[in-house]
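Trainee: The structure under discussion is supplied below as structure tokens; questions concerning it will follow.
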Amino acid sequence: MMQTFKIFRYNPDEDKNPYYKTYQVDVQEGMTVLDVLNEIKWKLDGSLTFRRSCRHGICGSCAMTINGLNRLACETQVKALGGGTVEVEPLRHYPVIKDLAVDMEDFYKKYEAVKPYFIAGTSPTDKERYQSIEDRKKIDGSYECILCGACTSSCPSYWANPNFLGPAALLAAYRFVFDSRDEGMGERLPILNSRHGLWRCHTIFNCTICPKSLNPTWAIGELKKKVISEKY
Amino acid sequence: MVHEHDVVIVGAGIAGLYAALEASRSVDTAVLSKVFPTRSHSISAQGGTAAPLGNMEEDSWEWHLYDTVRGGDYLGDQDAQEILVREAVEVAYELEHMGCPFSRTGEGKIAQREFGGHYSNLGKGPVRRACYAADRTGHAMLHTLYEQCVKKDVRFYTEYFVLALLMENNVCSGVVAWDMRKGGLHIFHAKAVMFATGGYARAWKVNTNALSNTGDGMSIVLQAGLPLEDMEFVQFHPTGLYPSGVLVTEGARGEGGYLVNHEGKRFLEKYAPAKMELSPRDVVSRSIQTEINEGRGIGGKGYVHLDLRHLGRQAIMEKLPQIHELILKFSGIDAVTDFVPILPTSHYAMGGIPTDVNGRVVMDAKNTPVTGFYAAGEGACVSVHGANRLGCNSTMDCAVYGRRTGRAMARFIGEGAEKNTLPKDALERGRTKVEGLLAAKGKESPAAIRDELQQTMMVNCGVFREEKLLKKQLEIIKSLQGRYKEVEVGYKGQRFNTELLDVIELGNMLDFVETIVVGGLARTESRGAHYRTDFPKRDDGSWMKHTLAWKTDSGIKLDYKPVVVTRFQPQERKF
Ligand SMILES: Cc1cc2nc3c(=O)[nH]c(=O)nc-3n(C[C@H](O)[C@H](O)[C@H](O)COP(=O)(O)OP(=O)(O)OC[C@H]3O[C@@H](n4cnc5c(N)ncnc54)[C@H](O)[C@@H]3O)c2cc1C
Ligand code: SF4
Ligand code: FES
């Protein structure tokens, strides 16, 4: 079935302003938005730029705004969008490099700022550090983050204050703070508790747009409790 | 622009990042990658990573070694395989110490699960050897390594596309890369260069791989005049989701999933009665393909059914949550209540850039090393997987040999290695590729060429092979290589020109596939994943040897080198 795709285009080297370009694509049963973008790129217009790698929702390359919502193009079935013209735009609130590819440097910087790595005080034995099944469960819902950037892009607190660490970085902090083996709380606490840290989150829940069904807002809530209980 | 580093690593998957962590302990290390590190294909590994920790029941490295040797149909080098299984234990614990979120046993140890080809007591009962993090093992390992690299401030050049290796007189001095975002050529001048560029399964229509897995590293090595090893051995994974080929992990069978044909029969009874669905991948893939070829696919079509229903909702949601989600998103099927349509899918490169056990790239049958050039991971061949890789041995291969290679490079530099002089035409080697393509005016469509390559590789160079088909495929590849000279890149800009990069990747695919077909044509036997219907028996008398393939002006040149056998003499395999 022929369907219309309206796609955001912008090449700062050539275009004064961004614009939308429309393409007609013959959509087959089972095609995802990424399949459509590939079809456009390979058959209709090679100049279209977007990122992709794994094509099954696990690498985080292809996050973009599809019909107004942040999603992964590779796991969005065109059929599920309910017919009509499909509008594809880059993730909002990141600078556009070209077309659908955005500059995520700032996003990564914030991720790095929370010390998103295991910090151990004590040295390990020659076996594993033991962790109970229950303790391991506590980091479910955080370690699965694929750093796609969809949540931070949809966060009104981040729009209001670009210095805010944002949901993805804070979720990464959660991943380690709630890992029973990690001993980095002392180092992370001042970062989380800083002016641009946890308290900038106003529990708006926009970040639950997460394509991996993670819930950064909830995790930030848990971090707030933890920080308070650690501090006082 | 010229960048100077002690070590330059190309590739940020498990192999590249582990090497970077090790090397950066003592020398200045940079990592180049065409995708952001955590977008590397290693992220997709689902089922697990093999290490004989014995956390669930007794296990030993000797048993793991035996399974690896036999799984690889005796073509693996046993010295390298022994290093893999012995160091696997250390590496699994080291990953855990870095915070890797492995699933746990009741006692709080790293949990382990069954996987195809993993047995106790030299091939007897199944053994739980695969360490896992739910069904996101690759994700857990890759993120852990990346996090540690962030901690150590490893220098990353992300979205840099490597075009050529800088090598003269068998001495390597760096690479030329293209800045994908801004455009422009960059030279990376180093004392040691490592390729950890991953696999190549995008050359087949139905495959499990990321779109970025186009075998660039292998082709760049061929273009530099070096050989590739054992390229004819291509692993088809038995369970790809029909029709896309997206992987349904072997863990699904490990947890007790069955395969059934159109008649509702568990057909593995016929092919591998003892180990059934948990036989090695080559055996299961051929069984499925035979059912399909003989008309017992579901509704006579090109797939069979994977049945997970009897596992129950709870087990599926706990142990295979990602698989459940993936099947739902890509096929609209709920594996709790419905059959899953599956078919064999191109998955893994057993062959690749030949190296010794310290990751040094070698350039001939005498194992003469290239000074300053290293490789590890799926793009390399040490060879631990022989003719067929055991499930979960790849991520461990990447980790063990990535780590060893990182150490070897640091040692090499610590012993006083100097930067080698860059070739005079260093920049030119990249420029001809890029500018040549941008300037070309042609009539051929890259998409059409790629499509034809993928379709025909599937038919002529797949699970089953024979002389007639391979010869036909060689002709097709030659004609596609000819047509490639006439492709035109429509967008000429420098900024994030992914059309240009797509075309370069296509060129790379057209190069390494030739070594697969020519190597496979020459190898008149069946061994592991290489199955010749016209030579269905393994022939140790003539073929217990590794293939080396060079690209020359007159086509692919082959040579052979012996297999290292230490503990286990070749025997017939039965499953
Ligand atoms: C779906 C799936 C599931 C799997 N499950 C398992 C499993 O459960 N257990 C297991 O052991 N194995 C599994 N494997 C296999 C395993 O994941 C891979 O073999 C392994 O991760 C490869 O890692 P690598 O480090 O060699 O390369 P990759 O992770 O593939 O990384 C390659 C790197 O090279 C870079 N690169 C490539 N070309 C260039 C270039 N021209 N310029 C710059 N950079 C370049 C890429 O950007 C990337 O960073 C699975 C594979 C697939 C496809
Ligand atoms: S939390 Fe979800 S939306 Fe945010 S970066 Fe991670 S995966 Fe993407
Ligand atoms: S391509 Fe990897 S998440 Fe979409």
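The values are calculated or read from the model by the stated rules, or taken from the named source; none is laboratory data. These numbers were taken from a predicted model, which means no experiment stands behind them. As a convention, Cβ positions derive from the backbone with ideal geometry for all residues, glycine included, and neighbour counts pool all protein chains shown. When the accessible area is computed, the model is the full protein with side chains, heavy atoms only, and any ligands, DNA or RNA have been set aside. Shrake-Rupley method; radii C 1.70, N 1.55, O 1.52, S 1.80 Å.
Trainee: Going through B:Arg431, B:Arg403 one at a time, which residue ends up being buried (at least 21 other Cβ atoms within 10 Å of the Cβ), in a helix (DSSP H, G or I) and among the charged types (D, E, K, R)?
Mentor: B:Arg403
Trainee: Moving to a separate point now. Search the range A:97-148 for residues being polar (S, T, N, Q) and more than 17 Å from A:Glu187 (Cα to Cα), and hand back the single one that is nearest to ligand 3 (Cβ to nearest atom).
Mentor: A:Ser142
Trainee: Name, by its number, the condition in (1) closer than 23 Å to B:Gly377 by Cβ; (2) over 25 Å from the mean Cα position of the chain (by Cα) that does not hold for B:Gly125.
Mentor: (1)
Trainee: Name the pairs whose Cβ atoms lie under 6 Å apart, with the first residue in the range A:135-149 and facing another protein chain (nearest Cβ under 7 Å) and in contact (Cβ under 8 Å) with a residue 40 or more places away in the chain, the second open to solvent by 20 Å² or more (accessible area, probe 1.4 Å) and hydrophobic (A, V, I, L, M, F, W, C), and 6 or more positions between them or separate chains?
Mentor: Listed pairs, sorted by first residue: A:Ile139/A:Phe178.
Trainee: Would you mention how many residues in the range B:521-539 are in contact (Cβ under 8 Å) with a residue 60 or more places away in the chain, crowded, with 18+ Cβ neighbours inside 10 Å and not basic (Lys, Arg)?
Mentor: 4
Trainee: Take the residues in the range A:150-166 that are more than 21 Å from B:His143 (Cα to Cα) and in contact with a strand residue (DSSP E or B) (Cβ under 8 Å, 6 or more places away or on another chain), then tell me which one is farthest from ligand 1 (Cβ to nearest atom).
Mentor: A:Ser154
Trainee: Can you tell me which residue is nearest to B:Asn497 (Cα to Cα) among those in the range A:36-60 that are within 11 Å of ligand 3 (Cβ to nearest atom) and open to solvent by 20 Å² or more (accessible area, probe 1.4 Å)?
Mentor: A:Arg51
Trainee: Still on this structure, I have one more. Name the residues in the range A:35-60 that are within 16 Å of ligand 1 (Cβ to nearest atom), touching a residue at least 40 places away in the same chain (Cβ under 8 Å) and of a type outside the set (D, E, K, R), would you?
Mentor: Across the range A:35-60, the qualifying residues are A:Gly57, A:Ile58, A:Cys59, A:Gly60.
Trainee: Looking at (1) of a type in the set (Phe, Trp, Tyr); (2) within 19 Å of A:Tyr143 (Cβ to Cβ); (3) open to solvent by 10 Å² or more (accessible area, probe 1.4 Å), which one does B:Trp61 not meet, given that it meets all the others?
Mentor: (2)
Trainee: Okay, next question. Can you pull out the residues in the range A:58-110 that are assigned to a loop (DSSP other than H, G, I, E, B) and polar (S, T, N, Q)?
Mentor: Across the range A:58-110, the qualifying residues are A:Ser61, A:Asn67, A:Thr76, A:Thr85.
Trainee: Could you list all residues from the range A:7-25 that are of a type in the set (D, E, K, R) and open to solvent by less than 70 Å² (accessible area, probe 1.4 Å)?
Mentor: Passing the criteria: A:Arg9, A:Asp15.
Trainee: Quick check on this structure: which one of A:Ala73, A:Ala80, A:Ala101 is open to solvent by less than 10 Å² (accessible area, probe 1.4 Å) and away from ligand 2 (no atom under 16 Å from the Cβ)?
Mentor: Among A:Ala73, A:Ala80, A:Ala101, only A:Ala101 is open to solvent by less than 10 Å² (accessible area, probe 1.4 Å) and away from ligand 2 (no atom under 16 Å from the Cβ).
Trainee: Condition test on B:Glu62, is it out of contact with any Phe, Trp or Tyr (no Cβ under 6 Å at 6 or more places or on another chain), part of a helix (DSSP H, G or I) and farther than 30 Å from B:Glu147 by Cα?
Mentor: Taking the combined requirement at face value, the residue satisfies it.
Trainee: Of the residues in the range A:39-57, how many are within 8 Å of chain B (Cβ to nearest Cβ) and assigned to a helix (DSSP H, G or I)?
Mentor: 3
Trainee: Select from the range B:540-562 the residues that are surrounded by 15 or more Cβ atoms within 10 Å (Cβ to Cβ) and touching a helix residue (DSSP H, G or I) at 6+ places or on another chain (Cβ under 8 Å) and list them in ascending order.
Mentor: B:Thr547, B:Ala549, B:Trp550, B:Lys551, B:Ile556, B:Leu558, listed by residue number.
Trainee: Something else: So A:Leu147 clears everything in (1) farther than 16 Å from A:Tyr108 by Cα; (2) within 16 Å of ligand 1 (Cβ to nearest atom) except one condition, right? Which one?
Mentor: The one condition A:Leu147 does not meet is (1).
For every residue, the table says whether it meets (1) within 16 Å of A:Val227 (Cβ to Cβ); (2) of a type outside the set (Lys, Arg); (3) away from ligand 3 (no atom under 16 Å from the Cβ); (4) more than 11 Å from the chain's Cα centre (by Cα).
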| residue | (1), (2), (3), (4) |
| --- | --- |
| A:Ala150 | no, yes, no, no |
| A:Gly166 | no, yes, yes, no |
| A:Ala173 | yes, yes, yes, yes |
| A:Leu192 | yes, yes, yes, yes |
| A:Trp199 | yes, yes, yes, yes |
| A:Thr208 | no, yes, yes, no |
| A:Pro211 | no, yes, no, no |
| A:Pro216 | yes, yes, yes, no |
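Trainee: Shifting gears a bit: Of the residues A:Leu192, A:Leu171, which is in contact (Cβ under 8 Å) with a residue 12 or more places away in the chain and more than 29 Å from B:Ser44 (Cα to Cα)?
Mentor: A:Leu192
Trainee: Now for a separate question. Within the range B:93-119, can you find the residues that are buried (at least 21 other Cβ atoms within 10 Å of the Cβ) and in a loop (DSSP other than H, G, I, E, B)?
Mentor: Of everything in the range B:93-119, those that are buried (at least 21 other Cβ atoms within 10 Å of the Cβ) and in a loop (DSSP other than H, G, I, E, B) turn out to be B:Gly99, B:Cys100, B:Pro101, B:Phe102, B:Ser103, B:Ala111, B:Glu114, B:Phe115, B:Gly116, B:Gly117, B:His118.
Trainee: Would you confirm whether or not the range B:496-518 contains a residue that is assigned to a loop (DSSP other than H, G, I, E, B), within 14 Å of chain A (Cβ to nearest Cβ) and either among the charged types (D, E, K, R) or surrounded by 21 or more Cβ atoms within 10 Å (Cβ to Cβ) (or both)?
Mentor: Looking through the range B:496-518, at least one residue is assigned to a loop (DSSP other than H, G, I, E, B), within 14 Å of chain A (Cβ to nearest Cβ) and either among the charged types (D, E, K, R) or surrounded by 21 or more Cβ atoms within 10 Å (Cβ to Cβ) (or both).
Trainee: So the check is Cβ under 6 Å with 6+ separation or different chains; which pairs have a first residue in the range B:229-257 that's within 14 Å of chain A (Cβ to nearest Cβ) and a second one that's part of a loop (DSSP other than H, G, I, E, B) and among the charged types (D, E, K, R)?
Mentor: Note: pairs meeting the criteria are B:Thr249/B:Asp135.
Trainee: Check the range B:37-46 and report whether any residue there is within 16 Å of ligand 2 (Cβ to nearest atom), under 27 Å from B:Leu422 (Cβ atoms) and buried (at least 24 other Cβ atoms within 10 Å of the Cβ).
Mentor: Within the range B:37-46, one or more residues are within 16 Å of ligand 2 (Cβ to nearest atom), under 27 Å from B:Leu422 (Cβ atoms) and buried (at least 24 other Cβ atoms within 10 Å of the Cβ).
Trainee: Another question about this same structure. Of (1) open to solvent by less than 20 Å² (accessible area, probe 1.4 Å); (2) within 14 Å of another protein chain (Cβ to nearest Cβ); (3) more than 16 Å from ligand 3 (Cβ to nearest atom), A:Ser157 satisfies all except one. Which?
Mentor: (2)
Trainee: Go through (1) within 14 Å of another protein chain (Cβ to nearest Cβ); (2) closer than 29 Å to A:Val96 by Cβ; (3) open to solvent by 50 Å² or more (accessible area, probe 1.4 Å) one by one and return the number of the condition A:His202 breaks.
Mentor: Checking A:His202 against (1) within 14 Å of another protein chain (Cβ to nearest Cβ); (2) closer than 29 Å to A:Val96 by Cβ; (3) open to solvent by 50 Å² or more (accessible area, probe 1.4 Å), the one that fails is (1).
Trainee: Scan the range B:21-56 residue by residue and report those that are away from chain A (no Cβ under 14 Å) and either at pLDDT below 95 or under 16 Å from B:Cys398 (Cα atoms) (or both).
Mentor: Those that are away from chain A (no Cβ under 14 Å) and either at pLDDT below 95 or under 16 Å from B:Cys398 (Cα atoms) (or both): B:Glu22, B:Ala23, B:Val31, B:Gly48, B:Ala50.
Trainee: Also: Here's a check for you: in the range A:109-134, which residue that is in contact with a helix residue (DSSP H, G or I) (Cβ under 7 Å, 6 or more places away or on another chain) and more than 9 Å from chain B (Cβ to nearest Cβ) is least open to solvent (accessible area, probe 1.4 Å)?
Mentor: A:Val114
Trainee: On to the next question. Could you please let me know if B:Lys443 is surrounded by fewer than 14 Cβ atoms within 10 Å (Cβ to Cβ) and closer than 22 Å to B:Leu165 by Cα?
Mentor: Here the answer is no, as B:Lys443 does not meet what is asked.
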